[in-house]
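One structure is given here, and the rest of the page talks about it.
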Amino acid sequence: MVPPKEHKALYLDSKHASFAISNNATPKPGPGQLLIKVKAAGLNPIDWKVQKYGIFIQDYPTILGIDIAGDVSDVGKGVEGFANGDRVITHGIFGITSGGFQEYVLGLPTHTAKVPSNISYDQAGALPSTVGAAYLGLYNIKPGGLGFTTSLDNNGRGKYNDVPLLILGGATNVGQYAIQFAKLSGFMPIITTASLRHEDHLKTLGAHKVIDRHASYEILRQEVFATTSQPIEYILDAVSIPQTQQMAYDILAPGGQLQLVQAPEISPCSEKDVGFTKGLRSLPENKEAFTTLYNHLTELLQNGLIKPVRIEVIPGALAGVSSGLERLANDQISGVKLIVHPDQTV
C-alpha cells in the first residue's frame, strides 16, 4: 500500500504545552532510512518529564515517543535486510519525523529489528528503549554500563555463575529485561527488589530472590546477605530515585560499581564507582552495544530468551497518550508497559 501524503500525529507545540492531535506530512525515506507504519507505540516516563519540565527538547513543535513497532512501508536507497511489509521494532527519537506518537515514522536500520511471528505488535512496542537500557546497563563500557562481557557472545553466556548481582526495581520495564540478560550471563544469585505481587513472575524471568521494594535498608541488607555470603560488588538500580541510589550505594562493597539509569544524586567516595546509563541511541559511546543488541534481538525473541514485559493497551489511540502519561507520572503503573495504537487514531 502506498503511504498517504498526510497522517495523524500527536504534537507537543511548545514547552509545558498540552498535547494536540493534528496532521503531519508523511516523509519519504532518504538513503539509509526506513519508513515505518506505527502499529504500537510504548509510553515512557521520559515522555511526561519532557512535557512537564521542558527538558531535553530545544526545537518545537515536536513529537514524542521512542518505543515503536509496526510495518516497513518504504525503504530508502542503500538499505539492506529490510523490505516493505516486514514487521519491525525500532528505537525512535523525539522529532517531527522520528517520534513514535504518530502513524508513520522514519527509522534507522541500525536500531531496527524484525519481529518474529511469536511476538505481537503490542509486545514488540514494549521493547526498544527499555531493553536497550537494560542491555547497556549491564554490558556497555564504563561508565555507561557495568562493562560485563555480553551474554550475546559465546564467551559471555553463563560466564558469571559465581558472581551475585543486585537489581533494584526488578518489576520496572528495565528491571525485567535486566533480570533476563543477567540470567543469560549466569549471575548467581540474581537478587532484586519489587512489589511482592510480582515475585512469581520475576522468578520465572530468572530472579533467585525477590525482596519487598518497601523494605528498609536494614531489612534489605539482611535479606541480601541471607541469600549470598559474597560481597555485593555490582548493582543495577533500575529505579534510580535518590532513596534507591543511597540504599544501593550503602550496600555496595568497597571497589564495587553501582549503575544508575538516572543522573546520580549521591556523592560517591573514591572506594566505590557510580555509573550512569544514558539510553539514547544517538550517543557515540552506545553505538557498538546497540549494534550488537539489534543484530541479535530477533533471535532472542524468537527463541524465548528475552520475553517482552506484560502490556496494557490504552484506548483512544493517540488521544489516550495524555491519560497514560498522567498515570505514569503519578506512579500508578507497576509491572506493565502502556501501549497505544497510533494507526487507529480518528
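From the list Leu338, Leu300, the lone residue that is farther than 22 Å from Tyr11 by Cα and not small (Gly, Ala, Ser) is Leu300.
Of the residues Val274, Val239, which single one is over 15 Å from Tyr135 (Cα atoms) and part of a strand (DSSP E or B)?
Val274
Taking segment 101-114 on its own, how many of its residues are more than 25 Å from Leu325 (Cβ to Cβ) and in a loop (DSSP other than H, G, I, E, B)? Number of matching residues: 1. The condition (being among the aliphatic types (A, V, I, L, M) and crowded, with 24+ Cβ neighbours inside 10 Å) is satisfied by just one residue among Ile141, Ile167: Ile167. Identification of helices (runs of 4 or more DSSP H) wholly contained in segment 118-204 with 2 or more residues that are over 17 Å from Leu301 (Cβ atoms) yields 128-139, 173-185.
Looking only at segment 300-346, residues that are among the acidic types (Asp, Glu), farther than 26 Å from Gln180 by Cα and surrounded by fewer than 16 Cβ atoms within 10 Å (Cβ to Cβ) come to 1 in all. The single condition among (1) surrounded by 15 or more Cβ atoms within 10 Å (Cβ to Cβ); (2) in contact with a helix residue (DSSP H, G or I) (Cβ under 8 Å, 6 or more places away or on another chain); (3) not polar (S, T, N, Q) that Glu265 does not satisfy is (1).
Residue-wise test of (1) modelled with pLDDT of 95 or more; (2) not β-branched (Val, Ile, Thr).
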{"site": "Gln58", "(1), (2)": "no, yes"}
{"site": "Gly65", "(1), (2)": "yes, yes"}
{"site": "Asp74", "(1), (2)": "yes, yes"}
{"site": "Val88", "(1), (2)": "yes, no"}
{"site": "Ile93", "(1), (2)": "no, no"}
{"site": "Ser98", "(1), (2)": "yes, yes"}
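You will find that of Asp47, Asp71, the residue that is assigned by TED's automatic domain parsing to the domain that holds Phe94 and either surrounded by fewer than 16 Cβ atoms within 10 Å (Cβ to Cβ) or farther than 20 Å from Arg281 by Cα (or both) is Asp71 and no other.
Identify all residues within segment 47-64 that are under 19 Å from Ser129 (Cα atoms), in contact with a helix residue (DSSP H, G or I) (Cβ under 9 Å, 6 or more places away or on another chain) and either among the basic types (Lys, Arg) or in contact (Cβ under 8 Å) with a residue 40 or more places away in the chain (or both); write none if there are none.
Correct list: Asp47, Trp48, Lys49, Gln51, Ile57, Thr62, Leu64.
When Ile179 is tested against (1) crowded, with 23+ Cβ neighbours inside 10 Å; (2) in contact with a helix residue (DSSP H, G or I) (Cβ under 6 Å, 6 or more places away or on another chain); (3) in contact (Cβ under 8 Å) with a residue 40 or more places away in the chain, exactly one condition is not met: (3). Among the residues making up segment 275-288, those that are within 15 Å of Leu108 (Cβ to Cβ) and crowded, with 16+ Cβ neighbours inside 10 Å are Leu280, Arg281, Asn286. Considering segment 36-86, and only residues there that are assigned to a loop (DSSP other than H, G, I, E, B) and β-branched (Val, Ile, Thr), the residue that is farthest from Gln102 (Cα to Cα) turns out to be Val79.
Criterion applied to Leu196, Leu166, Leu184 was being touching a helix residue (DSSP H, G or I) at 6+ places or on another chain (Cβ under 8 Å), modelled with pLDDT of 95 or more and more than 30 Å from Lys8 (Cβ to Cβ), and the one residue passing it is Leu166. Look at segment 193-220: where a residue is among the aromatic types (Phe, Trp, Tyr) and a partner is surrounded by fewer than 16 Cβ atoms within 10 Å (Cβ to Cβ), sitting 6+ places away or on another chain with Cβ atoms under 7 Å, you get Tyr217/Asp250.
The values are calculated or read from the model by the stated rules, or taken from the named source; none is laboratory data. What you see is a predicted model, and the numbers here were worked out from it, not measured in a lab. Neighbour counts are summed over all protein chains in view; Cβ atoms, including those assigned to glycine, are modelled from backbone coordinates with ideal geometry.
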